[in-house]
Amino acid sequence: MLFIVRQDFKEPKVVEIPVGTEEIQEFVKKYLQEKQVRYWNEQDEQDYQNLFQQFVSPLVSKSPEGDLMTQENDIIWLVPHNFLHYLPLHALKVKNRYLIDRNPICYTPSASVMKYCHQKRKKRRDRALIFADSREDRLHTQVQGIAIEKLFNPDADIYIGKQVTKNLLKQKLRESKADIDILHIACHGEFNATEALNSGIMFAQSEKLTAEEIFSLDLNAYLVTLSACESGINENKPGDELIGLTRAFIYAGTPSVVVSLWSVEQISTSIFMSRFYQKLKGGVNKASALQQAQLELQTMTAQDVIDYCTKAKESLLSNPGMIEGSLAERLLDAHIANTRFNIGDTKGAALDYERLLAKAIPDTQEYEDLDNSLLDCEAVGLRSAPDAYQTLVYNNVYYWAAFVLIGDWK
């Protein structure tokens with residue numbers, strides 16, 4: 001059943017949807033639980049649209065009063081039930097457009113949670129506290145953290161690598177609670193399927209800030225962003241009692257949490273986060289900022305990605321000692337080379353791989369990966385592809401649809 005509520009409706013409009021719980025559960029297991037979410041091929045998306053489009057199509061139908069249920073650019077608040085919490089409902093299509101292309105979207109586990117979030121609503125969005133991952137294989141999150149710090153500078157504190165500990169976070173929240181408007185945590189999220197309250201965020205030295213610990217934090221932040229893999233996944237209990245990281249942060253005091261439903265490629269995540277905060281700093285509400293960032297990600301070209309990586313490398317030079325700059329720079333260069341390869345500029349990619357090989361240490365995984373990539377270029381033939389740099393590289397659902405806003409949209 002779909003219940004549609006609008007301020008001027010005397011009672012909810014009810015639409016019966018002929019899709020059973022078992023059917024939804026089977027889809028979630030197949031696409032979002034049993035395998036790590038990757039690039040959605042055409043059949044994957046068609047399966048998704050065929051089964052779930054009917055959940056959102058009534059939103060653009062006519063109401064009994066004769067007008068549309070929702071107008072373009074109305075903020076739509078979705079309250080999914082049960083396994084629907086796992087799905088990016090904003091990536092469903094209405095009249096051949098993704099719902100997010102038409103409307104800003106926010107989610108909550110229940111109506112009571114939204115009421116609670118409204119009561120916690122904040123206005124100030126000036127100061128940021130940023131924690132960035134310490135793991136070597138996620139150095140892009142440190143680059144992401146530095147980019148966000150620059151947006152809020154000088155009103156931002158950033159901690160990277162081994163500095164990122166539970167005690168430091170708790171200390172900052174105790175000492176500077178009133179001064180933290182945005183808490184951005186770019187760390188790996190871990191979901192515990194058997195003990196949801198033991199799900200958490202991984203900090204330095206293998207420390208884990210669990211959902212149970214988060215419930216006891218005292219937050220006054222306008223927004224918490226969890227830029228980590230699968231940070232939005234929760235345990236579903238009867239009565240929609242979602243227990244997990246998102247609800248924990250809301251009950252700790254923030255009215256809004258931005259999370260990802262699945263693990264997303266790191267560069268696209270960094271670009272998305274930069275765009276999102278740019279909109280937020282410009283005064284746009286959270287739901288619209290998220291929508292605009294997702295739309296920009298969909299239209300990003302290969303050249304845009306290369307330009308972003310180039311600027312990110314430059315930002316490393318202005319942050320000496322904060323990051324393993326040499327390795328992070330090589331990772332960004334490797335992403336540029338991979339982008340060239342993926343659009344068919346194997347000649348340009350081969351030149352990049354050769355330069356990187358000259359800097360890499362033989363008999364390491366990095367050297368082996370680069371050498372294999374160079375061999376791949378030679379195997380398919382070296383050729384230039386100047387026109388391919390306008391190829392859209394992040395328009396697939398996998399890249400942009402994972403990000404959701406939970407809670408207050410303002």
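Annotations for the structure displayed:
- Selection from region 7-47 of residues that are hydroxyl-bearing (S, T, Y), within 20 Å of N82 (Cβ to Cβ) and in contact (Cβ under 8 Å) with a residue 60 or more places away in the chain: T21
- Considering region 276-358, the qualifying helices (runs of 4 or more DSSP H), each wholly inside and each with 2 or more residues that are farther than 17 Å from L405 by Cβ, run over 302-317, 325-342.
- Any hit, region 383-393, residues being within 30 Å of L245 (Cβ to Cβ) and modelled with pLDDT of 95 or more: yes
- When residues of region 355-368 are limited to those that are loosely packed, with under 15 Cβ neighbours inside 10 Å and charged (D, E, K, R), the one farthest from H335 (Cα to Cα): D363
- Against the conditions (1) of a type in the set (A, V, I, L, M, F, W, C); (2) surrounded by fewer than 21 Cβ atoms within 10 Å (Cβ to Cβ); (3) at pLDDT 95 or above, L129 satisfies every one except (2).
To keep it simple, each residue is scored yes or no on (1) among the polar types (S, T, N, Q); (2) modelled with pLDDT of 95 or more; (3) under 28 Å from L223 (Cα atoms); (4) out of contact with any Ser or Thr (no Cβ under 8 Å at 6 or more places or on another chain).
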residue	(1), (2), (3), (4)
D8	no, no, no, yes
K13	no, no, no, no
E23	no, no, no, yes
K29	no, no, no, yes
D47	no, no, no, yes
D67	no, no, no, yes
H85	no, no, yes, yes
R102	no, yes, yes, yes
T108	yes, no, yes, yes
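- Inside region 205-214, residues that are of a type in the set (S, T, N, Q) and part of a helix (DSSP H, G or I) make up a count of 2.
- Selection count, region 116-131, where residues are within 19 Å of the chain's Cα centre (by Cα) and within 21 Å of K279 (Cβ to Cβ): 3
- Exclusive hit being more than 22 Å from T269 (Cβ to Cβ), assigned to a helix (DSSP H, G or I), touching a Leu at 6+ places or on another chain (Cβ under 7 Å) and acidic (D, E), set D376, D387, D371: D371
- Applying the criterion of being touching a helix residue (DSSP H, G or I) at 6+ places or on another chain (Cβ under 7 Å) and over 30 Å from P104 (Cβ atoms) to the residues of region 379-401, the residue that is surrounded by the most Cβ atoms within 10 Å (Cβ to Cβ) is Y389.
- Any hit, region 62-72, residues being within 19 Å of G407 (Cβ to Cβ) and either surrounded by 13 or more Cβ atoms within 10 Å (Cβ to Cβ) or touching a helix residue (DSSP H, G or I) at 6+ places or on another chain (Cβ under 9 Å) (or both): no
- Hits in region 104-139 (condition: part of a helix (DSSP H, G or I), of a type in the set (S, T, N, Q) and within 20 Å of N285 (Cα to Cα)): Q119
- Looking only at residues of region 81-109 that are under 19 Å from the mean Cα position of the chain (by Cα) and surrounded by fewer than 19 Cβ atoms within 10 Å (Cβ to Cβ), we find that the one that is farthest from K30 (Cα to Cα) is D101.
- Within region 251-263, if we keep just the residues that are crowded, with 20+ Cβ neighbours inside 10 Å and within 13 Å of Y222 (Cβ to Cβ), the residue that is nearest to the chain's Cα centre (by Cα) turns out to be V258.
- The strands (runs of 3 or more DSSP E) located wholly in region 1-103 that include 3 or more residues which are not aromatic (F, W, Y) occupy 13-15.
- Cβ pairs under 6 Å, 6+ apart, first in region 88-114 and within 14 Å of Q54 (Cα to Cα), second aromatic (F, W, Y) and crowded, with 17+ Cβ neighbours inside 10 Å: A91/Y98; L92/F52
- Every residue from region 184-213 that is of a type outside the set (S, T, N, Q) and out of contact with any Lys or Arg (no Cβ under 9 Å at 6 or more places or on another chain): H184, I185, G189, F191, A193, E195, L197, E212
The values are calculated or read from the model by the stated rules, or taken from the named source; none is laboratory data. Nothing here was measured: the structure is a model prediction, and the numbers come from that model. Positions of Cβ are backbone-derived with ideal geometry, glycine not excepted, and every protein chain shown enters the neighbour counts.
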